[in-house]
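Here the structure comes first, spelled out in structure tokens, and everything after it is commentary.
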Amino acid sequence: MLIHSVMMLDALLPPQEPPSCSLQPLGNGWVEGVEQNGQMTVRRIISTNPADYLKPEYMPGQLFVPSRRKK
């Protein structure tokens, strides 16, 4: 759809709702993510263990699967 207008798009289109975030416990902290279709996509982690930040399964954009949880 092409819109030719001098008005800002925010004034023409309805506002989009931000995705709801949830926190899941991690061994030394939390994983924050967005839940869609029953799956959680990692947004960020909050941890006191520096090694958690190096794990590829906790990278932003990865699916957070309960079996990957390490306590």
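The values are calculated or read from the model by the stated rules, or taken from the named source; none is laboratory data. No experiment lies behind these values; they were computed from the predicted model shown. Note that each Cβ is placed from the backbone with ideal geometry, even for glycine, and that neighbours are counted across all protein chains shown.
Looking for something of a type in the set (S, T, N, Q) and either under 30 Å from LYS55 (Cα atoms) or in contact (Cβ under 8 Å) with a residue 24 or more places away in the chain (or both) - is there at least one such residue anywhere in region 13-20? Yes; the residues of region 13-20 include at least one that is of a type in the set (S, T, N, Q) and either under 30 Å from LYS55 (Cα atoms) or in contact (Cβ under 8 Å) with a residue 24 or more places away in the chain (or both). Of everything in region 14-57, what is assigned to a loop (DSSP other than H, G, I, E, B) and exposed (fewer than 10 other Cβ atoms within 10 Å of the Cβ)? Give them in sequence order. Across region 14-57, the qualifying residues are PRO14, PRO15, GLN16, GLU17, PRO18, SER20, ASN37, GLY38, THR48.
Of everything in region 13-40 that is under 30 Å from ILE3 (Cβ atoms) and either touching a strand residue (DSSP E or B) at 6+ places or on another chain (Cβ under 6 Å) or of a type in the set (Ser, Thr, Tyr) (or both), the residue that is modelled with the highest pLDDT is VAL34. Residue count for region 1-50 under the criterion of being hydrophobic (A, V, I, L, M, F, W, C) and within 12 Å of LEU63 (Cα to Cα): the result is 4.
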